[in-house]
Protein chains: 2
Amino acid sequence: MFTTQLCRHLERWSARNVTRFIKHDRNICTSMSVFSNKTKQIELTRNRYPDLKKGPYADLTGQDVDYFSNLLPGRVLTDASDLEGSNTDWLGTCRGSSQLLLRPKTTDEVSKILEYCNGRKLAVVPQGGNTGLVGGSVPVFDEIIISTQLMNQIISLDDISGTLECQAGCVLAALDSYVSDSNLTMPLDLGAKGSCHIGGNLSTNAGGVRLLRYGSLHGSVLGLEAVLASGEIIDCKSTLRKDNTGYDLKQLFIGSEGTLGIITAVSILCPQKPKSVSVAFLGCESFETVLSIFKQAKHSLGEILLAFEFMDSASMDTVRDNLNLTSPVSEFPFYVLIETGGSDGKHDEEKLTAFLENQMSSGLISDGTVATESTKIANIWGLRERMAEGLMVDGYNYKYDVSLPLSKFYQLVDDMRDRVGGLATRVVGYGHVGDGNLHLNVTSPQYDEELMSLIEPFIYDWVSKYKGSISAEHGLGFKKRNFIYHSKSKSAVDLMKRMKLLMDPNGILNPYKLLPDN
Amino acid sequence: MFTTQLCRHLERWSARNVTRFIKHDRNICTSMSVFSNKTKQIELTRNRYPDLKKGPYADLTGQDVDYFSNLLPGRVLTDASDLEGSNTDWLGTCRGSSQLLLRPKTTDEVSKILEYCNGRKLAVVPQGGNTGLVGGSVPVFDEIIISTQLMNQIISLDDISGTLECQAGCVLAALDSYVSDSNLTMPLDLGAKGSCHIGGNLSTNAGGVRLLRYGSLHGSVLGLEAVLASGEIIDCKSTLRKDNTGYDLKQLFIGSEGTLGIITAVSILCPQKPKSVSVAFLGCESFETVLSIFKQAKHSLGEILLAFEFMDSASMDTVRDNLNLTSPVSEFPFYVLIETGGSDGKHDEEKLTAFLENQMSSGLISDGTVATESTKIANIWGLRERMAEGLMVDGYNYKYDVSLPLSKFYQLVDDMRDRVGGLATRVVGYGHVGDGNLHLNVTSPQYDEELMSLIEPFIYDWVSKYKGSISAEHGLGFKKRNFIYHSKSKSAVDLMKRMKLLMDPNGILNPYKLLPDN
């Protein structure tokens, strides 16, 4: 199938089998059990940030618990050990002290919960799969956790229009599997897909590896239902591709991290599932080469380009050292992962082959592997998608997720490495080049105040200087709320605050998140 | 290139040349001069709707005009004949009586204008290319017209990321031509492209014929700048593909029809320009056939499907009778226009050929034409895109733009035809099948109250019954504002009203539009 020079290379590359991958959903991976044992050692957020005071909220009483137990029989958790996992974020860097977790099944129940909490001024934190990376989905103090775990019903799927309707607590991978039977695919894909909830995806405007092809959720979400702090249900459940009747309210809830309302149902447009998928994993001598290959890929692969990811050698070391993964190519300073998929396997293969031949003949790539078989594809993706898991093994993970102009993209990693020197275990850069989105991570054995002071606010100033975004896809959550002015103007933040006040006058919805402290 | 049976058909079809098309921008077409002469005969909106009273706004004084003349020297129009075109909508169905038109060049000037108007409680209407179809871009009473005509500067184009930054008054076709030099294309395309402004496109969340492929503006707009009623400038001018730092305020302005703020600058993601474009125009025996072909097209053409449009025989009669256009295929009850485009002309052609062969061998299509040459493509598109212009020649045009589930899509046209009987000159249906978006039009020699009472609210009730949208892409503007409840819940409209009050407390921005009367 492949021609001449390329063909020989591909044979060689294919022979190097990628071994010892396990399913790349980070929440079922082995490192999680290690993590669970560590939970109790994680410092409480209120202790780590002693200057932060609890807002003007009521304390939970036995009467409150009785009310909820009556409303949600058998779906109210109050035992500290049952709440442990939900009080702690996935990274193990934030730990709240909530005493109550509620598991509603219906929008009406969510409405009744919020109406009660609003009347009592009880603060709440909505929680989906709890896979967030900025401390947005866990309590800071004792906020009541409202979990969407039991709101997991698929409502409908129209296989002509490709519209899926479901409750907010459906797990992304389960949805993808469901629509796959109708030759459709979910328009987003991310490492946490085996645990994250679609409602959480919308609340955080999750990006992931397919954004390059399918665009953001602001485009692919057709409708949603949300409950305001008052308990009022906002019904924007359109399943129509086009609907220009009034303000597009659903957009407000996408990316507002549960601070304006709790999303309870979703309708989303699912594109046709590619008939064939190929993945190329390439070694590159420099970041300039990565960019050249990207420009060529956009031009030559066009509409079949599903993903364009990169990782540096420090990233490869991380998954090799900490997860025992093996690279399918020899040592390079940078690696590129290209995924293609379209409606005609033969055409897609021809395009990819021609593209790779061109890159080889122009000397941009000298080693790489191509996979078309699903296990091998999953193995290659594992190198990229299990990075977050690999980094956690080092101990504490200082995690940054920035957008930058491509011309400045990797310089930040070099500058950070120079700055933190030997204080860090490692400084790694990887991410979605195709979206201008860099994941910069620093690790150390445990949380280190001195190291932290070298990283922040340096990184935010750096990103701001080059007009980047201090949070490309992870959101602001708890950890980054006070750095919002590095990416947004005062007038914009002021308007956000006024909208928050309008929609949640008592501020009970996910306090201490997204908006900066006063 | 084409094979066997299909090849013979294509030769035959190609021989039937499409003649006498002119450039399909409706604002430079010959019928416009006819229209211009009619302007003075169009009834003033305030007379046609005598029950509607002017809001609590100030009347314009000489002192006000002096202020603006000083702010915008040489860019203030007060002469009634100069304002005639801007007081009247493109359809000739709404006519305001503004005495002042302002032509700012900068965001700062827009800010100063609004600050002044807000202080004086002078109502304003923002106006782009004035190509709207629901009376949203013209004054209802004497609102001051703020035109974006002179805000037509391109700010930057990044040809790696594909991000274009420009002022709000740039004409869509001019932008498309500009980015075309960098092998990019604008992510939207519509009949009014030669006149409509990108700011107006965003304000109305314009859809058009490429939405099927490139998605809505909520996905492709990366940033914008808007001025609130108070004069405050909201800077959301990101050029980044990903930015999750706070509420996505720009989404509020997309589709809010100038009632929350005036958009002054835009940054938008431009996809790669297809290397080859083909158009197939096919005759169909029934609407069921249209749907079958659509389902197959999604499956077989997948990522290269740019547009899937349909028109009924009454639509074809309209452009034939009123614009002297000629159909390239013989008489059919329905016609389908399919546009494809991708990164490899040979692959695209193979896909289209295979698809058409399949449709022919399964008996779904028996006549059609395929064009790859730009003039012929433009001619075929003219049949579809000059429909609005053709309908106007009949006299008065009752224009509806609805989303419906595909199963009910065409039944509305049949039902409407039965209902209005001989009172109408014609009842036609055409539109974007691929988006579930039907354009239903009724015409009569002049405005007819009896005919109108047969159409409305019947059409809105019908659409509401099947959970459609009463305005898929045209917006609500002046004409449809009071029918919003047919597509939106009371809780949603209440929240919209509260947001309007928050952002424009004096209600000076485009009053009598989008939101229902109290």
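Residues being more than 12 Å from the chain's Cα centre (by Cα), crowded, with 24+ Cβ neighbours inside 10 Å, among the hydroxyl-bearing types (Ser, Thr, Tyr) and within 21 Å of B:MET496 (Cβ to Cβ) are represented in segment A:247-256 by at least one member. Among the residues of segment B:191-209, those identified as within 13 Å of another protein chain (Cβ to nearest Cβ) and in a loop (DSSP other than H, G, I, E, B) are B:THR204, B:ASN205, B:ALA206, B:GLY207, B:GLY208, B:VAL209.
Annotation: B:PHE478 fulfils all but one of (1) more than 9 Å from every other protein chain (Cβ to nearest Cβ); (2) touching a Leu at 6+ places or on another chain (Cβ under 6 Å); (3) farther than 20 Å from B:MET416 by Cα; (4) hydrophobic (A, V, I, L, M, F, W, C); the unmet one is (2).
Quick one: which of A:ILE304, A:ILE263 is surrounded by 24 or more Cβ atoms within 10 Å (Cβ to Cβ), in contact with a helix residue (DSSP H, G or I) (Cβ under 7 Å, 6 or more places away or on another chain), β-branched (Val, Ile, Thr) and more than 8 Å from every other protein chain (Cβ to nearest Cβ)? Testing whether each residue is surrounded by 24 or more Cβ atoms within 10 Å (Cβ to Cβ), in contact with a helix residue (DSSP H, G or I) (Cβ under 7 Å, 6 or more places away or on another chain), β-branched (Val, Ile, Thr) and more than 8 Å from every other protein chain (Cβ to nearest Cβ) leaves just A:ILE263.
Being within 24 Å of B:TRP90 (Cβ to Cβ), at the interface with chain A (Cβ under 10 Å from one of its Cβ atoms), touching a residue at least 24 places away in the same chain (Cβ under 8 Å) and in contact with a Lys or Arg (Cβ under 8 Å, 6 or more places away or on another chain) is a description that does not apply to B:SER487.
Sub-6 Å Cβ pairs linking a first residue in segment B:192-211 that is over 10 Å from B:GLY132 (Cα atoms) to a second residue that is among the small types (Gly, Ala, Ser) and assigned to a loop (DSSP other than H, G, I, E, B), at least 6 apart or interchain, are B:SER195/B:GLY129; B:HIS197/B:GLY128; B:HIS197/B:GLY129; B:HIS197/B:GLY169; B:GLY199/B:GLY128; B:GLY199/B:ALA168; B:SER203/B:GLY258; B:ASN205/B:GLY255, ordered by first then second residue. Exactly one residue out of A:SER182, A:SER216, A:SER177 is within 21 Å of the chain's Cα centre (by Cα) and within 13 Å of chain B (Cβ to nearest Cβ): that is A:SER216. Scanning segment A:229-242 for residues that are facing chain B (nearest Cβ under 8 Å) and touching a residue at least 12 places away in the same chain (Cβ under 8 Å) yields a count of 8.
Count of segment B:430-463 residues, restricted to those that are assigned to a helix (DSSP H, G or I) and among the aromatic types (Phe, Trp, Tyr), is 3.
Yes/no per residue for (1) free of Cβ contacts under 8 Å to residues at least 60 places away in the same chain; (2) surrounded by fewer than 20 Cβ atoms within 10 Å (Cβ to Cβ); (3) in contact with a Lys or Arg (Cβ under 8 Å, 6 or more places away or on another chain); (4) farther than 30 Å from B:TYR396 by Cβ:
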{"position": "B:LEU282", "(1), (2), (3), (4)": "no, no, no, yes"}
{"position": "B:ILE293", "(1), (2), (3), (4)": "no, no, no, yes"}
{"position": "B:THR326", "(1), (2), (3), (4)": "no, yes, yes, no"}
{"position": "B:PHE332", "(1), (2), (3), (4)": "yes, no, no, no"}
{"position": "B:PHE355", "(1), (2), (3), (4)": "yes, no, no, yes"}
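In a residue-by-residue description of segment A:362-382, the property of being among the basic types (Lys, Arg) and surrounded by fewer than 20 Cβ atoms within 10 Å (Cβ to Cβ) applies to at least one position. Determine, yes or no, whether B:LYS465 is surrounded by fewer than 20 Cβ atoms within 10 Å (Cβ to Cβ) and within 14 Å of chain A (Cβ to nearest Cβ). No; evaluated as a whole, the condition is false for this residue.
Among the strands (runs of 3 or more DSSP E) confined to segment A:74-172, there are none with at least 2 residues that are acidic (Asp, Glu). Checked against the criterion of being more than 29 Å from B:HIS197 (Cα to Cα), of a type outside the set (A, V, I, L, M) and out of contact with any strand residue (DSSP E or B) (no Cβ under 6 Å at 6 or more places or on another chain), the candidates B:LYS295, B:LYS275 yield just one match: B:LYS295. Only one of the numbered conditions (1) buried (at least 16 other Cβ atoms within 10 Å of the Cβ); (2) more than 10 Å from chain B (Cβ to nearest Cβ); (3) not in a helix (DSSP H, G or I) is not met by A:ASN518, and that is (1). Inspect all residues belonging to segment B:336-346 and state whether any of them is aliphatic (A, V, I, L, M), more than 14 Å from every other protein chain (Cβ to nearest Cβ), touching a residue at least 60 places away in the same chain (Cβ under 8 Å) and within 20 Å of B:GLU389 (Cβ to Cβ). No: zero hits. Only a single item in (1) at positive phi; (2) within 14 Å of another protein chain (Cβ to nearest Cβ); (3) not charged (D, E, K, R) is not met by A:ASN358, and it is number (1). Scanning segment A:93-106 for residues that are among the polar types (S, T, N, Q) and closer than 16 Å to A:VAL124 by Cα yields a count of 3. Taken over segment A:431-447, the residue count meeting the criterion of being more than 14 Å from chain B (Cβ to nearest Cβ) and at pLDDT below 95 is 2. Applying the criterion of at least 1 residues that are more than 26 Å from the chain's Cα centre (by Cα) to the strands (runs of 3 or more DSSP E) found wholly in segment B:302-420 leaves B:367-371.
All of (1) of a type in the set (A, V, I, L, M, F, W, C); (2) facing chain B (nearest Cβ under 9 Å); (3) surrounded by fewer than 22 Cβ atoms within 10 Å (Cβ to Cβ) hold for A:ALA472 with one exception: (3). Consider A:LEU211 carefully, then state whether it is modelled with pLDDT under 95 and out of contact with any strand residue (DSSP E or B) (no Cβ under 6 Å at 6 or more places or on another chain). For A:LEU211, the condition - modelled with pLDDT under 95 and out of contact with any strand residue (DSSP E or B) (no Cβ under 6 Å at 6 or more places or on another chain) - is met.
Take A:VAL227 and decide whether it is more than 14 Å from the chain's Cα centre (by Cα) and surrounded by 24 or more Cβ atoms within 10 Å (Cβ to Cβ). In short, yes. Scanning segment B:244-256 for residues that are within 7 Å of chain A (Cβ to nearest Cβ) and either closer than 12 Å to A:SER256 by Cα or outside any loop (DSSP other than H, G, I, E, B) (or both) yields B:ASN244, B:THR245, B:GLY246, B:TYR247, B:ASP248, B:LEU249, B:GLN251, B:LEU252.
The values are calculated or read from the model by the stated rules, or taken from the named source; none is laboratory data. The structure presented is a predicted model; accordingly, all values stated were derived computationally and were not measured. Glycine also receives a Cβ, built like all others from the backbone with ideal geometry; neighbour counts cover every protein chain displayed.
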